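**Q** Mind looking over this structure? Questions follow.
Nothing in this text is a laboratory measurement; each read-out follows from the coordinates by a stated rule. What you see is a predicted model; the values in this text were computed from it and never measured. Backbone-built Cβ (ideal geometry, glycine too); neighbour counts: all protein chains shown.
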Amino acid sequence: MDVPIPDLDVPPEMGLDEAARARRFLVRGDHANLWFEGAGEALVVSFDNLATIDEGWPRAPWAWRRLEPLGHSVLGVQSQAKDWFRQPTAPALLRELEARGFFRRFRRVVLTGASMGGFAALNFAPLIPEARVLAFSPQSTMNKVIAPFEQRFPFAVRKSNWEGMPFLDAAAAVPYIRRAVVLYDPFVPEDRAHAARLAGPNVQFLRAPFTTHEAIRVVLKSGTFPLLIDQLVKQDDVGAEFWQAFRARRTVPKWQRALLAAAGGRGRQGLVIRAADAMLRLGADLPDEEKVFIRRARRAAVNGRKAAEAG
């Protein structure tokens, strides 16, 4: 049973014919829903990921809180299960909207999502002519024969269907996408392997070390998500402006911890010490527990270096 969330302004529920012309709508299907908030001339289509499914229903489109201030229209494609959108409803709803001319209302359409949502954004982009994609840490497929390197999320994978076409492999969709930008951490072996399968002349990779598989969280915390969206709305490439702004990741605890862990794991004690000093110098507003973590990592590196010199 759906339990209403206080203060969440759910759009009126309607059929596809009416929705294709409406400013706001909710279309409910057997396995997925469409939630639309009309605003500007550009449309951002966002897809759920595993974490957002846990929020229950009703819930706003993925990343709605960050997208709303940008003034773009937003269409949330919302799955009802942790199924990577391996279901008939979501693609059928998008096809029906396209057939009714909905996407032609907008001067540019950008599909976006993280992990499961990134897979869906890439996979379904060919359904919308001229659509662009911004995908964070996407899987190319969870089929064990095609991607034997992928062993994560075993429970969700067992509960979803990874046999048979269509939409089994996002790599097959890439040649039919106008432009795709994929941000991932090259130090995560599975994400690096998926990215290699997604390569093509129409794909721009943004390699973001130490962001982990949850790279979207570092992007959000660094405040650069709106910049990425706007660059895809205005152009087909992400330029130097993003990388300059993304320097703010240095103050994001998740990035800091990943960097210190990677450097320590490689025996780079000097790098740990220098990085910890810089983090403490830059992070006057860091939570106390984060400062404690950084100081402990620094202390362990100092002790490790002393032990190595003594040995």
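**Q** I'd like the distance between the alpha-carbon centres of the range 202-232 and the range 149-182, rounded to an integer number of Å.
**A** Answer, in whole Å: 20.
**Q** Please identify, among 81, 39, 240, the residue showing maximal mean-square fluctuation in a Gaussian network model of the chain using a 10 angstrom Cα cutoff.
**A** Highest fluctuation of the listed residues: 240.
**Q** Which of rounded, prolate, oblate describes the range 17-59, given a ≥ b ≥ c as roots of the alpha-carbon gyration tensor eigenvalues and a/c under 1.5 marking rounded, otherwise prolate only if a/b is larger than b/c? Each step should come with its number before you reach the end.
**A** Details: a/c = 2.53, a/b = 1.52, b/c = 1.67.
Oblate is the answer for the range 17-59, as a/c is 1.5 or above yet b/c matches or exceeds a/b.
**Q** In the range 135-205, which chymotrypsin sites (Phe, Trp or Tyr not before Pro) are in a loop and have at most 16 other Cβ atoms within 10 Å, using DSSP for the loop call? Before the final figure, lay out the partial values.
**A** Numbers: sites: 136, 149, 155, 162, 167, 176, 184, 187, 205; in loops: 149, 162, 167, 187.
Counting only loop positions with at most 16 other Cβ atoms within 10 Å, the chymotrypsin sites (Phe, Trp or Tyr not before Pro) in the range 135-205 are 149, 187.
**Q** Just name one of 76, 117, 201: the one whose Cα is farthest towards the positive end of the charge dipole of the chain (beta-carbon charges, Lys/Arg +1, Asp/Glu -1).
**A** 201
**Q** Roughly speaking, what is the stretch gain from residue 92 to residue 18, that is 0.36 nm per residue apart minus the C-alpha to C-alpha distance, in nm to one decimal?
**A** Result: 25.0 nm gained on full extension.
**Q** Anyone know which of 256, 87, 244 comes out most mobile in the 10 Å Cα GNM of the chain?
**A** Looking only at 256, 87, 244, the largest GNM fluctuation is found for 244.
**Q** How large is the charge dipole for the chain, taken about the Cα centre, if only the Cβ atoms of Lys, Arg (+1) and Asp, Glu (-1) carry charge, to the nearest 20 debye? Walk me through the numbers before you get to the answer.
**A** Details: 44 positive and 34 negative charges, 290 e Å.
Dipole magnitude for the chain comes out near 1400 debye.
**Q** Mean separation of Cα pairs under 8 Å and 6+ residues apart, divided by the residue count of the range 253-310: what relative contact order is that in percent?
**A** Contact order relative to length: 41 percent.
**Q** For residue 179, what residues show an amide H to amide H distance below 5 Å, using hydrogens built from the backbone and excluding near sequence neighbours?
**A** Amide H neighbours of residue 179, under 5 Å, 5+ apart: 133.
**Q** For residue 202 and residue 66, FRET efficiency with R0 = 22 Å and r from the beta-carbon atoms, rounded to 0.05?
**A** Details: r = 26 Å, r/R0 = 1.17.
Computed FRET efficiency for residue 66 and residue 202 comes out at 0.30.
**Q** Shifting gears a bit: Given the Cα-Cα distance of residue 104 and residue 288 and 0.36 nm per residue of separation, how much length would full extension add, in nm? Spell out each step's value before the answer.
**A** Values: separation 184, 0.36 × 184 = 66.24 nm, distance 5.04 nm.
Once the chain is fully extended between residue 104 and residue 288, it gains 61.2 nm.
**Q** If the limit is 21 Å between Cα atoms, which of 82/144; 221/254; 144/221 go over it?
**A** Working: 82/144 17 Å; 221/254 9 Å; 144/221 33 Å.
Pairs exceeding the cut-off: 144/221.
**Q** For Cα pairs less than 8 Å apart in space and 6+ apart in sequence, what is the mean separation divided by the residue count of the range 16-249, i.e. the relative contact order in percent? Numbers along the way, then the final one.
**A** Working: 471 pairs, mean separation 38.7, N = 234.
It rounds to 17 percent for the range 16-249.
**Q** Quick one: 3J(HN,Hα) in Hz for the range 80-89, Karplus 6.51/-1.76/1.60 with θ = phi - 60°, rounded, Gly and Pro as x.
**A** Here the 3J(HN,Hα) series is 9, 8, 7, 10, 6, 6, 7, 7, x, 6 Hz.
**Q** Rank these for me by crowding, 93, 75, 220, 8, going from fewest to most other beta carbons within 10 Å.
**A** Numbers: 93 21, 75 25, 220 18, 8 9.
Arranged by neighbour count, lowest to highest, 93, 75, 220, 8 become 8, 220, 93, 75.
**Q** Something else about it: Specify the residue with the greatest mean-square fluctuation among 123, 49, 161, computed from a Gaussian network of the chain linking alpha-carbon atoms under 10 Å apart.
**A** Checking each option, the largest mean-square fluctuation is seen for 161.
**Q** Hey, another quick one. Show me the ranking of peptides 213-219, 294-300 by mean Cβ neighbours inside 10 Å, starting with the highest. Intermediate results must be reported in sequence, preceding the final value.
**A** Values: 213-219: 22.1, 294-300: 17.0.
Output ranking for 213-219, 294-300: 213-219, 294-300.
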